[in-house]
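Below is one structure, written out as structure tokens, with a few remarks after it.
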Amino acid sequence: MNRNLWLLALCQGLFLTNNVAFIAINGLVGFSLAPFGWMATLPVMAYVVGGALSTPLVARTQSRYGRRISFQLGLAVACASACLSAWAVLDKNFWALVAATVVAGYYSANGQLYRFAAAELVPAPQRERAVSMVLAGGLIGAIAGPNLAARSRTLLDVPFAGAYVVLAGVALLAMLLMAFIRFPTHVAAASGQSGGRPLSVIMRQPVFIVACASAALGYGVMNLLMAATPLAMQQCGLSFDDAAFVLEWHVIGMFAPGFFTGGWIKRFGTLPVMGVGVVLNLACIAIALSGVELHQFTIALFLLGVGWNFIFTGSTTLALGAYQPEEKDRAQAAINFCVFAVLAISSFASGVLVTTQGWALLNWGSLVPVVLTAVALVWLAGKLQTS
């Protein structure tokens, strides 16, 4: 760990503070403002749709201006969108809230690149550990996000409006930290020249296919269950403080293993670690289907978080070997676009399913992306053995 990596890990933590708080409150605020109950998670969906729509723009900004300027622009958008969200809640304007979260997606598209930037701050043999350690910075979000949402929900007269105001302050703090990070010197590509292979060639590689698919599906199943959890717990008679407690342990599960995952990947290999993540996802679903008490929500979501960490860290490590430095902006944008596309579907589906079909059916449906991830890993393992 060097100073730049520590600062980037802190920025990752503040990024996750924003994300977790958004997940914790957007569904509930949406449910209170939406014309129909099944539209409750539209603000959550809008956040990831905004991220998907922003990935090409972010890729161009990164290519032209480099990491730090692009990341600072993302944080400025985060501050502005949080203020707009607060106004929408105070005005009880559901569609303004949806619009604000679409805009916030630009910040999310930038934040999703922190893990790739981490690999550029260390020598090549340490890339896995750098990615893992920066992701571990999300532990800040695990603690701060749910507690921020719970403690600031009554800060203003309208519930949760104050939480969005506090998130604007979180973005300003991250901007300050980002100003002190020294990224490798950026050389802008000449106009009309991208360098490297065409994106279509990069995307046809088996390693890239599995890295992209596992990142998208792993994030998708995690988001499907996490976004629905506050609504499901409310339906089961549990309080918002209980939901915040469950989300806190979920995000601890997502990022605490980051202190070790990079080392385990170096020791045991990327695909075995990702395979353990798939098994943990299956265990999460089994426990979630066993009942709806607080301890069952807590254990299930904790295992879901750990499984996500193994799959997502592994997929990022796989992706690093699928492109050359001059190809990174296009390749990373393609991966993140796929992730956001699946997140958009899972965000909308979580609200529809949990409000119309219930928590149990939602969990049965989440088996589909988990099984597809397992199939992709087995397929790549076979390809690597025969090559």
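The values are calculated or read from the model by the stated rules, or taken from the named source; none is laboratory data. Remember, it's a predicted structure, so these values are computed and weren't measured experimentally. Neighbour counts are summed over all protein chains in view; Cβ atoms, including those assigned to glycine, are modelled from backbone coordinates with ideal geometry.
Which of the numbered conditions does residue 108 fail, given that it passes all the others? Conditions: (1) surrounded by 24 or more Cβ atoms within 10 Å (Cβ to Cβ); (2) touching a Leu at 6+ places or on another chain (Cβ under 7 Å).
Of (1) surrounded by 24 or more Cβ atoms within 10 Å (Cβ to Cβ); (2) touching a Leu at 6+ places or on another chain (Cβ under 7 Å), only one is false for residue 108: (2).
Residues that are within 29 Å of residue 59 (Cα to Cα) and touching an Asp or Glu at 6+ places or on another chain (Cβ under 9 Å): which helices (runs of 4 or more DSSP H) entirely in the range 246-334 hold 2 or more of them? Before the answer, list the steps.
On the way: elements: 258-268, 270-289, 294-320.
The helices (runs of 4 or more DSSP H) meeting that bar are 258-268, 294-320.
Could you tell me which of the residues 54, 63, 32 is within 27 Å of residue 7 (Cα to Cα) and in contact with a Lys or Arg (Cβ under 9 Å, 6 or more places away or on another chain)?
Values: 54 fails: in contact with a Lys or Arg (Cβ under 9 Å, 6 or more places away or on another chain); 32 fails: within 27 Å of residue 7 (Cα to Cα).
Selected residue: 63, the only one of 54, 63, 32 that is within 27 Å of residue 7 (Cα to Cα) and in contact with a Lys or Arg (Cβ under 9 Å, 6 or more places away or on another chain).
Within the range 114-162, can you find the residues that are touching a Lys or Arg at 6+ places or on another chain (Cβ under 8 Å) and in a loop (DSSP other than H, G, I, E, B)?
Passing the criteria: 119, 120, 122, 158, 159, 160.
Out of all the residues in the range 32-51, is one or more crowded, with 24+ Cβ neighbours inside 10 Å and over 18 Å from residue 340 (Cα atoms)?
Yes, because at least one residue in the range 32-51 is crowded, with 24+ Cβ neighbours inside 10 Å and over 18 Å from residue 340 (Cα atoms).
Are there any pairs with C-beta distances below 7 angstrom linking a residue in the range 191-218 that is in a loop (DSSP other than H, G, I, E, B) to a residue that is modelled with pLDDT under 95, with the two at least 6 apart or on different chains, and if so which?
194/330; 195/189; 195/326; 196/324; 196/326; 196/327; 197/327; 205/322
Residue 243: in contact (Cβ under 8 Å) with a residue 24 or more places away in the chain, crowded, with 16+ Cβ neighbours inside 10 Å and touching a Pro at 6+ places or on another chain (Cβ under 6 Å), yes or no? Give the derivation first.
Numbers: in contact (Cβ under 8 Å) with a residue 24 or more places away in the chain: yes; crowded, with 16+ Cβ neighbours inside 10 Å: yes; touching a Pro at 6+ places or on another chain (Cβ under 6 Å): yes.
Criteria met by residue 243.
Of the residues that make up the range 282-299, is at least one crowded, with 19+ Cβ neighbours inside 10 Å, aromatic (Phe, Trp, Tyr) and within 18 Å of the chain's Cα centre (by Cα)?
no
Only one of 380, 343, 384 is in a helix (DSSP H, G or I) and within 22 Å of the chain's Cα centre (by Cα); which?
Numbers: 380 fails: within 22 Å of the chain's Cα centre (by Cα); 384 fails: within 22 Å of the chain's Cα centre (by Cα).
Just one listed residue meets the conditions, 343.
Select, from 168, 216, the only residue that is within 22 Å of the chain's Cα centre (by Cα) and more than 28 Å from residue 262 (Cβ to Cβ). Before you say what the answer is, go through the steps one by one.
Details: 216 fails: more than 28 Å from residue 262 (Cβ to Cβ).
Only one candidate passes the filter, namely 168.
Provide a single number: the residues in the range 224-233 that are of a type outside the set (Val, Ile, Thr) and either closer than 16 Å to residue 287 by Cβ or modelled with pLDDT of 85 or more (or both). Don't jump to the end; show me each part of the working.
Residues of the range 224-233 of a type outside the set (Val, Ile, Thr): 224-228, 230-233.
Keeping just the survivors that are either closer than 16 Å to residue 287 by Cβ or modelled with pLDDT of 85 or more (or both) gives 224-226, 228, 232-233.
The total comes to 6.
Only residues that are among the hydrophobic types (A, V, I, L, M, F, W, C) and free of Cβ contacts under 8 Å to residues at least 60 places away in the same chain: list them for the range 99-141, please. Steps first, please.
Going through the range 99-141, the residues among the hydrophobic types (A, V, I, L, M, F, W, C) turn out to be 99-100, 102-104, 109, 113, 116-119, 121-122, 124, 130-131, 133-136, 139-140.
Hits for the range 99-141 are 99, 100, 102, 103, 124.
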